[in-house]
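Enquirer: The following block contains the structure, expressed as structure tokens.
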Amino acid sequence: MANLGAGFTAVLDRLIPYFFILRRFFNQKGVIRLKQGDALIVVDVQKDFLPDGALAVAGGDKIIQVVNAYIERFMSSHLPIFATRDWHPRQHRSFAAQGGPWPVHCVADSKGAEFASGLLLPDTVIVVSKGDTAEAEGYSAFENPKLKRRLDNASIQRLFVCGIATDYCVLQTVQDALKLDYRVFLLQDALAAANVHPQDGVEAERLMADGGARLLTLDELA
Ligand code: VGL
Ligand code: ZN
């Protein structure tokens, strides 16, 4: 009996390294390798959505460094980078004076509508403005036909989406992208939510994931 126990222990000793190798293999986070047909969409990283802005989104400033890191990855892989911007007329329907839910924000050509100063957009960035007429709601970047046209021209199939606000423009853009059959990766470490209700951001992430978007963080990019 003592012998059998010793033999068993010896076998276990030999198996232990394999156990760790297998565990590493199965625990490994999915690694995504960027390839032709991929594009980055940076949603509304504009001054008015940063903590000092007219429509301040908590943590909007905190994502800029990681957004820059994503931009760098797409740049070095020679993949297209889109930056959307909220670009409203003075009397936009979403403003309180017009009965909308928001304070005046991102008025076209105003300081607050500028991209965040720390955001390192390349010269080759494709800017997509939205909500630029009094009637256009402007949550989804697909409201501007330029986006789909440019994605088609570049034969884009996978969209990597980050930015502000998770529960409005990111959500609506991602939902439209999923309807259009793009494979969508939601860059979870580069999102900031308006959270008008405290759970709106996490709820929006859940909605996007349920709709087929895959959640991704920078460390999962090969
Ligand atoms: C946004 C509220 C109003 C956004 C734009 O970019 O998510 N949110 N306008
Ligand atoms: Zn807006």
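Enquirer: For the range 52-59, does any single residue satisfy the condition of being surrounded by 10 or more Cβ atoms within 10 Å (Cβ to Cβ), modelled with pLDDT of 70 or more, under 24 Å from Leu147 (Cα atoms) and within 18 Å of the chain's Cα centre (by Cα)?
Expert: No; the residues of the range 52-59 include none that is surrounded by 10 or more Cβ atoms within 10 Å (Cβ to Cβ), modelled with pLDDT of 70 or more, under 24 Å from Leu147 (Cα atoms) and within 18 Å of the chain's Cα centre (by Cα).
Enquirer: Working carefully through the options Lys146, Lys111, find the one that is assigned by TED's automatic domain parsing to the domain that holds Thr173 and farther than 16 Å from Gly53 by Cβ.
Expert: Lys146
Enquirer: Let me ask another. If I filter the range 108-127 for residues that are in a loop (DSSP other than H, G, I, E, B) and aromatic (Phe, Trp, Tyr), do I get at least one hit?
Expert: Checked against the condition, which is being in a loop (DSSP other than H, G, I, E, B) and aromatic (Phe, Trp, Tyr), the range 108-127 yields no hits at all.
Enquirer: Assess whether Glu143 counts as being over 22 Å from Leu218 (Cα atoms), of a type in the set (D, E, K, R) and at pLDDT below 95.
Expert: no
Enquirer: Restricting to the range 144-181, what's the tally of residues that are of a type in the set (Ser, Thr, Tyr) and surrounded by fewer than 21 Cβ atoms within 10 Å (Cβ to Cβ)?
Expert: Matching residues across the range 144-181 total 1.
Enquirer: Quick check on Thr84: is it within 16 Å of ligand 2 (Cβ to nearest atom) and within 22 Å of Gln157 (Cβ to Cβ)?
Expert: The answer is yes for Thr84.
Enquirer: Could you tell me how many of the residues in the range 182-222 are hydroxyl-bearing (Ser, Thr, Tyr) and buried (at least 16 other Cβ atoms within 10 Å of the Cβ)?
Expert: So the answer is 1.
Enquirer: Answer yes if at least one residue in the range 177-195 is of a type in the set (Ser, Thr, Tyr) and within 16 Å of ligand 1 (Cβ to nearest atom), and no otherwise.
Expert: Within the range 177-195, the first condition is being of a type in the set (Ser, Thr, Tyr), and the residues that meet it are 182.
Pick out the ones that are also within 16 Å of ligand 1 (Cβ to nearest atom) and you get none.
For the range 177-195, residues of a type in the set (Ser, Thr, Tyr) and within 16 Å of ligand 1 (Cβ to nearest atom): absent.
Enquirer: I've got another one for you. Among the residues of the range 35-55 satisfying the criterion of being outside any loop (DSSP other than H, G, I, E, B) and either among the β-branched types (Val, Ile, Thr) or within 16 Å of ligand 2 (Cβ to nearest atom) (or both), which is nearest to Ser77 (Cα to Cα)?
Expert: Once the filter is applied, the top-ranked residue is Ile41.
The values are calculated or read from the model by the stated rules, or taken from the named source; none is laboratory data. Predicted model, so just to flag it, every value in this text is computed and none were measured. With ideal geometry, Cβ positions are generated from the backbone for all residues, glycine too; neighbour counts draw on all protein chains shown.
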